[in-house]
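Working notes for the structure below.
No lab work stands behind these numbers, since they all come straight from the coordinates. Quantities reported herein were computed from a predicted structural model and do not represent experimental measurements. In this analysis, Cβ positions are derived from the backbone assuming ideal geometry, glycine residues included, and neighbour counts consider all displayed protein chains.
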Ligand code: F7E
């Protein structure tokens, strides 16, 4: 019998890559999306006919229960959230509701359904926030945005329900991961899209915010494999997923502009207050030793390869 999986946030970057991956493993895949008069399937139109879309909303408990009933899944991957950190200061309450309380609602829906479903929660390096060295599963959390705080609630409620009700719940603490399907508002895609447009003569400048930030950037499809591996283990546990290499925004710009033959990008890049955050995370680097040793996972795609794929695609 093939396994079945329910993915929330199916139309996002991770949701679509995970669906691609699970289909190669023979899964029957259900993707949860919010009902809307205009569909948002840019990342998933190629999945139409291959997966089943179900209507549900992380702010509506009954809709989650109905999605579970309809899909009768063996595994649930909770990737849905308000995931843009910058936006979380504009809509802190909505971010808390979807990104934090949404996890609780899903866990309660699983409990009500009664079947022992394996649950994956998309935790994030934003929970570390203010950190200095390589963060692992034991590093203390200090989130720096309403998004990070909401994710921390989701992380702990996942752990709490594992300990309280003996549920197979895992959290993957994923560091930044990007791909050709990344939303245009995130810095990596904003840069690769801007570089392509500059190359084609469609744009003069890329306007950015804080250029001092460093991120441990990996390739999203590699990270989706780690999510799946976590649910294939004997026991539920939490894992950091990262490359261990950190790069500045300047280094990302170097790599992206390199592909259109530009060495000095300074005349193509400007700074705009509007893209600064009230509090930012300046430095992130992860230690994924546990994922490598226990899951046998390691990142396959290098930073340069990833930037190249993104620029080429744009
Ligand atoms: O910002 C700086 C910005 O929005 C990265 C999400 O997937 O990863 C992502 O969160 C850095 C920040 O991603 C611009 O201030 C400069 O320091 O691409 P980002 P993020 O905030 O790291 C984590 C792991 C998640 O969980 C999130 O869901 O880049 N930055 N100038 C800029 N950022 C943006 N977006 N736009 C700029 O113009």
For the range 173-206 and the range 243-258, what is the centre-to-centre distance using only Cα atoms, to the nearest Å?
12
Mind telling me which of 126, 70, 137 comes out most flexible in a GNM of the chain, alpha-carbon contacts under 10 Å?
70
In the Gaussian network model of the chain, springs joining C-alpha atoms below 10 Å, which of 302, 288, 71 carries the largest mean-square fluctuation?
302
Gyration tensor verdict on the chain (Cα atoms; rounded if a/c is under 1.5, prolate if a/b is larger than b/c, oblate otherwise)
prolate
On Cα atoms only, tilt of 146-165 relative to the major axis of the chain in degrees:
30
Linear extension gain, residue 142 paired with residue 235, 0.36 nm per residue minus alpha-carbon span:
30.7 nm
Label-zone membership for the range 66-103, site residue 168, 7 angstrom Cα→C-beta point, backbone N under 14 Å:
73-77
Bridge orientation stat for the chain from DSSP, antiparallel percent rounded to 5, came to 5
Arranged by the count of other C-beta atoms within 10 angstrom, fewest first, what order do 67, 224 take?
67, 224
For the Cα atoms of the chain, what angle does the longest principal axis make with the long axis of helix 61-71, in degrees from 0 to 90, nearest 10?
80
In a Gaussian network model over the chain where Cα atoms closer than 10 Å are linked, find which of 128, 84, 175 has the largest mean-square fluctuation.
84
So, R0 is 41 Å and r is the distance between the beta-carbons of residue 267 and residue 160; what FRET efficiency does that work out to, to 0.05?
0.20
Return one number: the angle in degrees, 0 to 90 and rounded to the nearest 10, between the long axis of the Cα atoms of helix 187-199 and the longest principal axis of the Cα atoms of the chain.
40
For the pair residue 305 and residue 24, the simple spin-label estimate (label points 7 Å beyond Cα toward Cβ) gives in nm 1.2
Based on DSSP H runs of at least 4 residues, each adding -39500 (n - 2.57), what is the mean residue ellipticity at 222 nm of the chain after dividing by all its residues, to the nearest 500 deg cm²/dmol?
-10500 deg cm²/dmol
